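Enquirer: Here it is: the structure, laid out below.
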Amino acid sequence: MNTECGLVGIIGKEEINYKTVLESLIKLQHRGRESYGLSYITKEDNEKNKLHIEKHYGLINDKELSNETTTVFSKVWFGHVRYSTSGKKQNNNINNSFIDLTQPIAFTFSKYNDATFIYNGNIPMFIWEKLFINYPILKEYYNKNITLGIDINDSLLFIRLIILLKEEYTKNVYIKEEN
């Protein structure tokens, strides 16, 4: 099997360390051996949530994890093991896009919130082409990245679509409130 990925999400009432999510990912290692990633949320001094993400190539190895990740406790953890269904299978380009395609992927949802995205699937191009009709800016984003030789996959398109839908919703709500 070399076309699947594995996802883990743990949200609890009590804080736990990385070992629980890592043990779960190790059980899913057969679903992804190219790379892996972890994300977790911590509280900052000002009580604001802060998103942390760490990614590595190859098989899971807790010795690679940063000191911050191995010493932190969090109520929210996500993990991913990857086999490529789209995008490069190895890091052979200068801009390190392979590790960027490894999930979790962080993105800014609003000026107040960062988000983490994990997705296990593959959407056929004909579905994206239908979405491109309604969201030409999504098609521009896709084509621009392809033209520049930047890897683009379903996850990155999904994130862009989420942002576009949020902007569209926010615009419509603002217009309704004005009237």
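The values are calculated or read from the model by the stated rules, or taken from the named source; none is laboratory data. These numbers were taken from a predicted model, which means no experiment stands behind them. Note: ideal-geometry Cβ built from the backbone for every residue, glycine included; neighbour counts use all protein chains shown. Heavy atoms of the whole protein, side chains included, go into the accessibility calculation; ligands, DNA and RNA do not. Shrake-Rupley method; radii C 1.70, N 1.55, O 1.52, S 1.80 Å.
Enquirer: Among LYS48/LYS144; LYS19/LYS55; LYS55/LYS130; LYS27/LYS63, which pairs are too far apart, with a Cα-Cα distance over 25 Å?
Expert: Listed pairs above 25 Å: LYS48/LYS144; LYS55/LYS130.
Enquirer: Quote to one decimal, in nm, the extra length available between ASN46 and ASN134 on full extension: 0.36 nm per residue of separation minus the C-alpha distance between them.
Expert: 27.6 nm
Enquirer: Within segment 11-87, which chymotrypsin sites (Phe, Trp or Tyr not before Pro) sit in a loop by DSSP and count at most 12 neighbouring Cβ atoms inside 10 Å?
Expert: Here the chymotrypsin sites (Phe, Trp or Tyr not before Pro) that fit, given the DSSP loop and packing criteria, are PHE73.
Enquirer: Leaving out ligands and nucleic acids, and using a 1.4 Å probe, what accessible area per residue does segment 6-85 come to in Å²?
Expert: Per residue, segment 6-85 has 56 Å² of solvent-accessible surface.
Enquirer: Under 12 Å Cα-Cα from LYS43, which aspartates and glutamates qualify once same-chain neighbours fewer than 8 residues away are excluded?
Expert: GLU15
Enquirer: Loop-only GluC sites (Glu not before Pro) in segment 1-61, please: DSSP not H, G, I, E or B, and at most 12 other Cβ atoms within 10 Å.
Expert: GLU44, GLU47
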